[in-house]
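Data first, discussion second: the structure below is written as structure tokens.
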Amino acid sequence: MKNLNLLAFAIFATVLFASCSNDDDAPAPVNEEEVITTLKVTLTPTGGGTPITMETRDLDGDGPNPPVVAVSQNLATGVTYNGAIILQNETVSPPENITEEVEEESLDHQFFYTSGDGLDVTTEYSNFDTNENPLGTEFTLTAGEVSSGTLTFTLRHEPTKPNTGLNDAGGETDFTTTFNVEVQ
């Protein structure tokens, strides 16, 4: 009888142990990557004036058609602009505002702005995550001397924060686009 009780206890303990397994072995919830077809940057002069828009739209993603990229007008020397970025998924109707998701997950995202080819502009972050690290869906851009070049916007997912810029940010690129820009 003792062996039967011991066997029953062993089975009970095994079932109890298996049902109380540690959740550390459970797979992490999947956070699907955002589908971003459109990036629109609006630059509003701080002293008033007509806003400048920069937009890239790629409705077929990795399809055969290249993105449509447009800049509405040139930047003016010495002017500071308040910048705002809107991201959209236009593969659904109505278009989904991805900016809201990026801002809600601010700890896991950061925009980077990179000027190249001699473009004389400086940028500064205007919005931050809950740890006071840059997010970058809002920023200021100051146009320097007459120049031309490229301005690249890169959105990183799960970057190292804080960082000193795109080169040491790590993470994965969710979206990147480059505009040809002139300062006059």
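Give the number of residues within region 64-78 that are under 22 Å from Gly136 (Cα atoms), surrounded by fewer than 17 Cβ atoms within 10 Å (Cβ to Cβ) and β-branched (Val, Ile, Thr).
Going through region 64-78 one residue at a time, the tally reaches 1.
How many residues does region 81-112 contain that are among the hydroxyl-bearing types (Ser, Thr, Tyr) and surrounded by 15 or more Cβ atoms within 10 Å (Cβ to Cβ)?
3
Looking at Thr91, Thr46, can you tell me which residue is more than 17 Å from the chain's Cα centre (by Cα), modelled with pLDDT of 95 or more and farther than 27 Å from Asn131 by Cβ?
Only one candidate qualifies: Thr46.
The values are calculated or read from the model by the stated rules, or taken from the named source; none is laboratory data. The structure displayed is predicted, hence computed values, not measured ones. Note that each Cβ is placed from the backbone with ideal geometry, even for glycine, and that neighbours are counted across all protein chains shown.
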